[in-house]
Structure formats: structure tokens, C-alpha cells
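A quick write-up on the structure given underneath.
The values are calculated or read from the model by the stated rules, or taken from the named source; none is laboratory data. Keep in mind that this is a model prediction, so the values were computed, not measured. Cβ sites come from the backbone with ideal geometry, for glycine too, and all protein chains shown count toward neighbours. Only protein heavy atoms, including side chains, enter the accessible area calculation; ligands, DNA and RNA are left aside. Shrake-Rupley method; radii C 1.70, N 1.55, O 1.52, S 1.80 Å.
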Amino acid sequence: MQAFQVTGFGGLEKLQANEVLVPEPGQDEVLVKIHATALNNSDIWMREGGYGTDTSASASAGWRREGIDFPRIPGSDVAGEVVKTGNGVSTDDLNKKVVLFPFQSSGEKGYEHMSNDITYIGSEFDGGYAQYVVWKADLCFERPLSNYVKSAAVPVSGLTAWHMVKRAHIQKDDKVLINGATGGVGSLATQIASKVFGSEVIAVVRDDSMKDKMLDLGATNIVTYTSDSLLEDIYQVAGGHVDVVIDVVGDALFSTSLAALGVGGRFVTSGASSGAVSEVDFRTIYLKHLNIYGSTFGTKEEFADLLKAVSNGNIKPLIDKEFPLSQAKEAQEYFKKSKRLGKVVLLPNENHNKR
């Protein structure tokens, strides 16, 4: 089969097209024919070694901040069809149209995402930049939509956004500022916070051309991060401070976010696309009684709730652009440099000779 493998930490030259054997499903596993794989920041950071620390022996590391066993096929947002079952899996699973829960762990129910042994598809396991992938049968959920491309836009970004909203204890009528609102996580968080949990969302976007689209997604107002008076703009549209900030941006908006929060405000982060290190005035945190939450992934129960909300039409995944699998390098370059709205999706080359 055709697959793209990361051969080591580095630039796009480390993402290489190769012919590899179709994997065989083992105990309790299934083979999934991939119809669509959505890109995530983690695909880029895994290749670049972006999860490392400056104090480590090597600044490069994978998602667990450890080394990666190369070569590795990236891609964690996968939608496809079960075409083969391994031992212990009923043949009733054949032909199921599925999306993949993106990680494995031994964590107890409700704490799967907090287990020390969590391992991520596309980082510790081969992922979706290929024509086929093997995954645990019980981690394959029925796709939420009849469309593979839109279904592939849901798993990682949707689970991340859903868990962030839950982690921040968002309530009806809360004023919620969402940084990076046009990205995969942000666009879904906007819908989840407003349409599922009933909050008032202020979307932080690059310019006013995004306003109509963000209002369609459920935002009440927008502000632009290029404004010279961003904090004042937030105060104006919010009528004062906000209750919650949902952030995947990191350093660039961190100080502004803390300033925008009112007393007892909640800041939840699951990303750092603009930079992973920032300065903080601790007086802002303790004098305002702020709550800061780290958030990664979510639980299987939350995943099921998310897929139900998508199936019911309460949440609509956004697709920015599609690329054939053969253009995986171009897709990653576009993903990293473009000012996109929604997800970038890879489509496997169905006519490629299988091995």
C-alpha cells in the first residue's frame, strides 16, 4: 500500500512516500480501509520534534515528550471502513463505517485520557497517512455522518474541543472567549460552547472577513487578534470581562487572555501554536482567583456524546481543503502556512496497487 512515513525529526524532507505492506490485524484488532484523514498540529509537531523540552538531552520528542520509533506513519483523525477482523473480533464488524478514537490506554472509565501509558495513533502507533490502518475494534466508533471527509474532521479536534468545554465547567450564558476560533479545534469549540452548552461565544479571528461564518457557527461576536486594542475590543463586545477562555494559541494571546478574565475566571489550554513558553505575572492569577486548566483529548463517553451531537446536526465540521494522499507534503505545508477555516483532509489514492 501507499503510505507516508516520518523517518526522523526534521523538515518536510523527513516525510517520505513509501510502499509498505498492508498491516495485519492482531488480537482484538480490525483492519480499516482509510477513506479520509484530517490533519492536526500534532502531525507537524511530531515530525518536527516539537514536544521536546529545552532542558532535555535532545530538544526533539514525540507526543509523550519521548523519542519516536521511526519510521512512523502520522495521522490521528481517521475515517474508513472495516475490511478485516483479527482474533477475538466478530465478523459482524466487517463493512462497518467508522471513525477512530485516537488513543489507547489502560486508564479506568472516565480517566482514559489521564493514564500514564496513553499512546496516540500517528505518534506511538502508525496512523492515517496511508491506505490502511490497524486499530483496536472497541476504539472504532460508527461514523457520525454519511460523508467520510466530514466525519474525519471530528475525532481529535472534536474530542479536544468537547473536553475543553467540559473541563472549564462552561455553563449556560457564560461569556466564553475562544482563541484560534477558525481552526479545527476552535471552530468546533465555538459550536459546542454555544449550541450545546448555551454560552455566549466571542471568537478571536484574524480579520472581519470571518465574521459572518463565525456567527453562523454560533458566535455572538468576533474580535480580531491583529487589532492594536484587542483587550479593549474584548471588553466592549463582552460588556466587561469574560468568564472563560478556551485557548489553543499559547504565548501570543496568553497575557491578553488572563487580563480579559474576570474574578474567578477559567482559562483552559490544549495547544500552543504560537509558542509554548510565556511569561506570567502570578499576581494576576492569585488576585483574580483564576483557574487554569490543562486539557488533552477526553474520555470515550465524551467521544460518544460528541459523535451524537454531530449526528444530530448540532455540530457541523468545517472542511477547508482536500488533498490526495500523494500530496501529503503539500497538505502539511498548506496546513502550517495558510489562514484556513476548518480542517485540511487527505484522501487516499484508491487506485494505487495494494500490497
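Quick look at the values:
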item	result
Any chance Lys213 is surrounded by 21 or more Cβ atoms within 10 Å (Cβ to Cβ) and of a type in the set (Lys, Arg)	no
Enumeration of residues in segment 304-339 that are among the polar types (S, T, N, Q) and open to solvent by less than 10 Å² (accessible area, probe 1.4 Å)	Gln332
Residue within segment 291-303 that is open to solvent by 50 Å² or more (accessible area, probe 1.4 Å) and of a type in the set (A, V, I, L, M) present	yes
Meets criteria (on the phi > 0 side of the Ramachandran plot and touching a strand residue (DSSP E or B) at 6+ places or on another chain (Cβ under 8 Å)) for Phe297	yes
Given (1) touching a helix residue (DSSP H, G or I) at 6+ places or on another chain (Cβ under 7 Å); (2) under 30 Å from Phe323 (Cβ atoms); (3) assigned to a helix (DSSP H, G or I), number of the condition Ala181 does not satisfy	(3)
Out of Asp208, Asp243, sole residue that is farther than 24 Å from Val277 by Cβ, open to solvent by 20 Å² or more (accessible area, probe 1.4 Å) and either basic (Lys, Arg) or in contact with a Lys or Arg (Cβ under 6 Å, 6 or more places away or on another chain) (or both)	Asp243
Any hit, segment 12-33, residues being β-branched (Val, Ile, Thr), open to solvent by less than 10 Å² (accessible area, probe 1.4 Å), outside any helix (DSSP H, G or I) and closer than 12 Å to Gln131 by Cα	yes
Search result, residues across segment 224-240 that are open to solvent by 10 Å² or more (accessible area, probe 1.4 Å), part of a helix (DSSP H, G or I) and within 23 Å of Ser270 (Cβ to Cβ)	Leu230, Leu231
Residue check for Gly75: at pLDDT 95 or above and either under 19 Å from Lys336 (Cα atoms) or touching a Gly at 6+ places or on another chain (Cβ under 7 Å) (or both)	yes
